[in-house]
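Student: Attaching a single structure in structure tokens format; questions to follow.
What follows is calculated from the coordinates using simple rules that are stated; it is not laboratory data. Here the structure is a predicted model, which means the values were calculated and not measured. With ideal geometry, Cβ positions are generated from the backbone for all residues, glycine too; neighbour counts draw on all protein chains shown.
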Amino acid sequence: MNCEHVEALPVEVTPDATDQCPDCVAEGTVHWVHLRECLTCGHVACCDSSPRKHATAHHDETDHPVIRSYEPGENWRWCYPDARLV
């Protein structure tokens, strides 16, 4: 089954961080588990296993629908509206 949210994504986005969650750093912490990248705007944020769950917070604030793992060697994507891997 195709995902309309993936089909509507820009062809390319530039990540706004490389090895950290900028939201955590702005809050004065460096405690995150894994990083995710928003495929609409390139915002990098921490995953739901992290204390602050900034990737989901970014989705909640922006309605940007799809993230991808920003971990080396991982290439999966998650669609929030469809609640599934895409």
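Student: Can you sort Trp76, Trp32 from fewest to most other Cβ atoms within 10 Å of each residue's own Cβ?
Tutor: In increasing order of surrounding Cβ atoms, one gets Trp76, Trp32.
Student: So what is the relative contact order for the chain, in percent, with contacts set as C-alpha pairs under 8 Å and at least six apart?
Tutor: 24 percent
Student: Moving on. Could you give the size of the charge dipole of the chain about its Cα centre, using +1 on the Cβ of each K and R and -1 on the Cβ of each D and E, expressed in debye and rounded to the nearest 20?
Tutor: Dipole magnitude for the chain comes out near 200 debye.
Student: Something else now. Sort 69-75, 17-23 by the packing proxy (mean of other Cβ within 10 Å over each peptide's residues), most packed first.
Tutor: Ranking, from highest mean packing down: 17-23, 69-75.
Student: Follow-up. What does the C-alpha gyration tensor say about the overall shape of region 4-85? Classify as rounded when a/c is under 1.5, otherwise prolate if a/b is larger than b/c, or oblate.
Tutor: Prolate, because a/c is 1.5 or more and a/b exceeds b/c.
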